[in-house]
Each structure stands twice: as structure tokens, then as C-alpha cells.
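Student: Mind having a look at this structure? Questions to follow.
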């Protein structure tokens, strides 16, 4: 009976192993970002853990900038989306 469950267990563990964090790929990705994107990445990357909500963290960086008039909403959205793709590589 236990041997029958082993393939099922492997199916559940495979996605977790396939999505292992890749800091080198994340750093390479962030080097291609715009200066705004790099700023977003730089502020959120140190806080990254497997449980981090990337979108929430990026909003925490972008919202004050937009509210202060330092960055347009469109620019903040574009920078956050690009940075988010790189940050996903850290999860």
C-alpha cells in the first residue's frame, strides 16, 4: 500500500522542487530593468521569502511614490510589473 502512494507523493513535491529560488537568474533579470524597475527590485528583494506576497510588497513601494507625485501611476505600474517578474525568481 505504501508503495502505491509514493508516485502520488512525488506529484505533489515536483512543482515545489521545480520552482526553487534562483538568485543568480533574479540578479541577471534585474540588471535589464529600467532605473525605476531596479529601484522597485532593490527595495523588495531583501524582504523576499517563499511566503512573501510580491504584489503587496511592490504596492507598498509604489503607492507612496505615486501619492507624493514622484512617479506617475503608469510608470509605477510598468516598473512594478517588470520588477515582479524578476522577484518571482527569488521565491
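Student: Highest mean first, what order results for 55-65, 37-47, 79-89 on Cβ atoms within 10 Å?
Tutor: Values: 55-65: 15.9, 37-47: 17.8, 79-89: 20.4.
Ranking the peptides 55-65, 37-47, 79-89 by packing returns 79-89, 37-47, 55-65.
Student: Still on this structure, I have one more. On full extension of the chain, what length is gained from residue 63 through residue 43, given 0.36 nm per residue of separation minus the C-alpha to C-alpha distance? Write out the running numbers ahead of the final one.
Tutor: Details: separation 20, 0.36 × 20 = 7.20 nm, distance 1.32 nm.
That pair, residue 63 and residue 43, stretches by 5.9 nm at full extension.
Student: Across the range 21-90, how large is the tail of the calculated P(r) beyond 18 Å, expressed as a percent of all Cα pairs?
Tutor: Numbers: 698 of 2415 pairs.
The answer is 29 percent, as a whole percent.
Student: Per 0.36 nm of contour for each residue apart, how much would the distance between residue 21 and residue 55 grow if the chain were fully extended, relative to their Cα-Cα spacing?
Tutor: Working: separation 34, 0.36 × 34 = 12.24 nm, distance 1.73 nm.
Working it through step by step, the gained length comes to 10.5 nm.
Values quoted throughout were computed directly from the atomic coordinates according to the rules given, and no laboratory measurement underlies them. Keep in mind that what you see is a predicted model, and the values were worked out from it rather than measured. Don't worry about glycine lacking a Cβ; one is built from the backbone with ideal geometry, like all the others, and counts go over all protein chains shown.
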